[in-house]
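Report on one structure; see the data block that follows.
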Amino acid sequence: MMRTLQDFELPLDGQISLCQINGRVFYTNFDIANLNALTNTLEHHPKIHITRDLLHPTTSGDEGKALFLPVDVSFLKQLTQVYYEQGYIEALHTAASHNQLFISKSSKAILALLKYIRKVRLLINPNLRYSGPSLIGNYTQTRNWLNTTIRYISWHPYCIKVAIVTCDDSVRIFSNDSNSVSPLLKYKLQKHITCVAWRPMSNTEIAVAHENGIIVWNIDPNSLITRPSISNATVLQREDHRPVMSMAWSPKGDKLATVAACDRTIYIWDVELGKTSILKRSGGSGNILIKWSPTGEKLLTCTNSLVFRVWDCRNWECERWTVLNGRVQSACWSNCGTTLLFATDTETIIYGVIVKHDLIFTSDSDTSSNQALPIFDISKVDIDGVIVGGLVQCMESDPKGKLLAVMFQDTDCIAVFNIVRQQGLQLIASSLINGLPEEKPSTINFLQDFEAGACLSIGWSSGRIQYFPVIYTDLPSTENSFISSTLNSCNASIF
């Protein structure tokens, strides 16, 4: 019999979850919340709260034009200006309205041909009829992507540095050095950002995936410039590879894999050379999720239909899997690369798949069928008057492979599970994380180099970033000595 969310405990009314130390969850009222009273493991991490007044409003070119008086320019110059500012389609519409008959008729004929080609492409790939933002909102790992302030969080693998994606199509970089410059990555073609990923084996490079492609920024840590130029970046783009929904660096950082919702092709980029390799199989009209295993031996790709695949990166052969209905909504690897956890957009169940010796199976029996194993029932339950659970929005496992964090589509508590590999794969209820009454979780991500245990960062709809550390004091570190002494002398009124 599967475990359910009834195994969890909620904080008392008016309290929020603060941290977990040696299996004990600590709660407190938000007004007196002080994480440093329990642990100093996060005292040097940036305190982040991005309010709406800090955002950069997006302005169109038409608003700027309104400041200038109109002047007469030649038709060729006008056409060139429209092409560079709005693209070739608008340039053709401009040419179609020209008073010269030949230019007008030629432009209308080209527009009619393009319209016919688009109709044919819509028959082949229905996703093309959706606009970029609405399509991204349907497939993203971020809750309420269209309207939330914080759209994505990504921690650097080797140091205290975090990239925060906000709804104004900006990427803000924060670090532990309060005196350093906080770079802002923004570019006019970098619209509708879906995710970001720091490059392994590098201290300065970060990839930003957006509606029309990928930009790999190189950020000089010694620079005093707050807004780096696009000349410090590499733009990766393919005509039909859009919108880019997910990407993953190989563990060595030599390859970048990307997938797009309207493209069945999976691109493996060599960023320095600007070259690509292509993976393509039938099934679905696009791909929405890609995850490289921590060992670099396997690559998970999920289509926007029933199909998902596990690729062997040594020969690029793949194992094809299908879910019963819907599609894979979210998935994550274990730290050893032998376990794959996933959830679909139609079932309130977390499934597990074991990957060993180039085979995928659910038990040690050679005769076992290739079926994913249902591990935990996350159906909605009522815990002390609060509804918890439902369909999954996002799942993340910590770098040590001990914890799984699950964010739900329409309930406001984040569930944290212990991952146990005794007698098969098991998930054990650990803690529920709640925010303020008016807050909803938008995105989650684990810190990559948290020595004291694991630490989940949560981006709330208010723009607040919360740290939820899970600490084990039996780990050898000076910080844990501080924790032990604090727990012994801590005033009970804090909890």
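The values are calculated or read from the model by the stated rules, or taken from the named source; none is laboratory data. Note that the structure is a prediction, hence the values are computed from the model and not measured. We place every Cβ from the backbone using ideal geometry, glycine too, and count neighbours over all the protein chains shown. The accessibility values were calculated without ligands, DNA or RNA, using every heavy atom of the protein model including side chains. Shrake-Rupley method; radii C 1.70, N 1.55, O 1.52, S 1.80 Å.
Taking the conditions exactly as written (open to solvent by less than 10 Å² (accessible area, probe 1.4 Å), among the hydrophobic types (A, V, I, L, M, F, W, C) and either over 14 Å from the mean Cα position of the chain (by Cα) or over 29 Å from E439 (Cα atoms) (or both)), does I214 satisfy them or not?
The answer is yes for I214.
Looking at segment 437-454 only, could you name the residues that are open to solvent by less than 20 Å² (accessible area, probe 1.4 Å), over 12 Å from the mean Cα position of the chain (by Cα) and within 24 Å of W145 (Cβ to Cβ)?
E439, P441, L447 - these are the residues of segment 437-454 that are open to solvent by less than 20 Å² (accessible area, probe 1.4 Å), over 12 Å from the mean Cα position of the chain (by Cα) and within 24 Å of W145 (Cβ to Cβ).
What strands (runs of 3 or more DSSP E) lie completely within segment 294-336 and have 1 or more residues being open to solvent by 60 Å² or more (accessible area, probe 1.4 Å)? Walk me through how you get there before you give the answer.
Working: elements: 298-303, 307-312, 317-322, 328-333.
By residue number, 317-322.
Among the residues of segment 167-197, which ones are surrounded by 15 or more Cβ atoms within 10 Å (Cβ to Cβ) and hydrophobic (A, V, I, L, M, F, W, C)?
Within segment 167-197, C167, V171, I173, F174, V181, L184, L185, I193, C195, V196, A197 qualify.
Kindly indicate whether any position in segment 247-264 is on the phi > 0 side of the Ramachandran plot and free of Cβ contacts under 8 Å to residues at least 40 places away in the same chain.
In the first step, residues of segment 247-264 are kept if they are on the phi > 0 side of the Ramachandran plot; the result is 253.
Next, from what is left, pick out any that are free of Cβ contacts under 8 Å to residues at least 40 places away in the same chain: none.
Within segment 247-264 (the criterion being on the phi > 0 side of the Ramachandran plot and free of Cβ contacts under 8 Å to residues at least 40 places away in the same chain), the answer is no, since none of the residues qualifies.
What are the pairs, 6+ residues apart or on separate chains, where a residue within segment 374-398 that is under 24 Å from Q15 (Cβ atoms) and acidic (D, E) has its Cβ under 7 Å from a residue that is open to solvent by less than 60 Å² (accessible area, probe 1.4 Å) and assigned to a loop (DSSP other than H, G, I, E, B)?
D384/L10
Just to be sure I understand, how many residues within segment 1-34 are within 27 Å of the chain's Cα centre (by Cα) and open to solvent by 100 Å² or more (accessible area, probe 1.4 Å)?
Total meeting the criteria: 0.
Restricting to segment 277-293, name every residue that is in contact with a strand residue (DSSP E or B) (Cβ under 6 Å, 6 or more places away or on another chain) and surrounded by fewer than 17 Cβ atoms within 10 Å (Cβ to Cβ).
Going through segment 277-293, the residues in contact with a strand residue (DSSP E or B) (Cβ under 6 Å, 6 or more places away or on another chain) turn out to be 277-280, 283-284, 286-293.
Scanning segment 277-293 gives S277, I278, K280, G283.
Please work out which residue is least open to solvent (accessible area, probe 1.4 Å), limiting yourself to segment 217-237 and to residues that are within 21 Å of the chain's Cα centre (by Cα) and of a type outside the set (A, V, I, L, M, F, W, C).
Out of the qualifying residues, it is T234.
Just wondering, is there one or more residues in segment 384-402 that are modelled with pLDDT under 90 and more than 30 Å from I32 (Cβ to Cβ)?
No - not one qualifying residue is present in segment 384-402.
Anything in segment 337-348 that is at pLDDT 90 or above, farther than 17 Å from N304 by Cα and open to solvent by less than 30 Å² (accessible area, probe 1.4 Å)? List them, or say none. Even if it seems obvious, please write down each step before you answer.
Step one: list which residues in segment 337-348 are at pLDDT 90 or above, which gives 340-348.
After this cut, where a residue has to be farther than 17 Å from N304 by Cα as well, the list is 340-341, 348.
L340, L341, listed by residue number.
Specify the residue that is modelled with the lowest pLDDT; the eligible residues are those in segment 148-166 that are within 16 Å of the chain's Cα centre (by Cα) and open to solvent by 20 Å² or more (accessible area, probe 1.4 Å).
Here the residue is P157.
Filter segment 191-210 for residues that are part of a loop (DSSP other than H, G, I, E, B) and under 16 Å from the mean Cα position of the chain (by Cα); which is nearest to S250 (Cα to Cα)?
Ranking the qualifying residues of segment 191-210, first place goes to R199.
Looking only at residues in segment 411-424 that are touching a residue at least 40 places away in the same chain (Cβ under 8 Å) and within 12 Å of G401 (Cα to Cα), which one is surrounded by the most Cβ atoms within 10 Å (Cβ to Cβ)?
Going residue by residue through segment 411-424, those that are touching a residue at least 40 places away in the same chain (Cβ under 8 Å) are 413-417, 419, 421, 424.
In the following step, the residues that additionally are within 12 Å of G401 (Cα to Cα) were identified as 417, 419, 421.
Numbers: F417: 26, I419: 22, R421: 13.
Once the filter is applied, the top-ranked residue is F417.
Filter segment 14-44 down to residues that are over 15 Å from Q466 (Cα atoms), part of a strand (DSSP E or B) and in contact (Cβ under 8 Å) with a residue 12 or more places away in the chain, then give me how many there are.
Number satisfying all stated conditions: 2.
Report every pair of residues separated by at least 6 positions or lying on different chains whose Cβ atoms are under 9 Å apart, first residue within segment 220-237 and under 18 Å from W198 (Cα atoms), second open to solvent by 80 Å² or more (accessible area, probe 1.4 Å) and among the aliphatic types (A, V, I, L, M).
I230/L189; V235/L189
With the requirement that a residue be part of a helix (DSSP H, G or I) and closer than 16 Å to V82 by Cβ, what does segment 94-107 give you? Explain how you work it out, then say what you get.
Of the residues in segment 94-107, the ones part of a helix (DSSP H, G or I) are 94-96, 101-107.
Residues satisfying the conditions are T94, A95, A96, I103, S104, S107.
Of the residues in segment 393-410, how many are in contact with a Cys (Cβ under 7 Å, 6 or more places away or on another chain) and open to solvent by 10 Å² or more (accessible area, probe 1.4 Å)?
Final tally of qualifying residues: 2.
Confirm whether R143 is at pLDDT 95 or above and assigned to a loop (DSSP other than H, G, I, E, B).
Details: at pLDDT 95 or above: yes; assigned to a loop (DSSP other than H, G, I, E, B): yes.
Against the criterion (at pLDDT 95 or above and assigned to a loop (DSSP other than H, G, I, E, B)), R143 qualifies.
Specify which of the listed residues (I483, I444) is modelled with pLDDT under 95 and either at positive phi or in contact with a Ser or Thr (Cβ under 8 Å, 6 or more places away or on another chain) (or both). Spell out how you get there, then give the answer.
Working: I444 fails: modelled with pLDDT under 95.
Of I483, I444, the one residue that is modelled with pLDDT under 95 and either at positive phi or in contact with a Ser or Thr (Cβ under 8 Å, 6 or more places away or on another chain) (or both) is I483.
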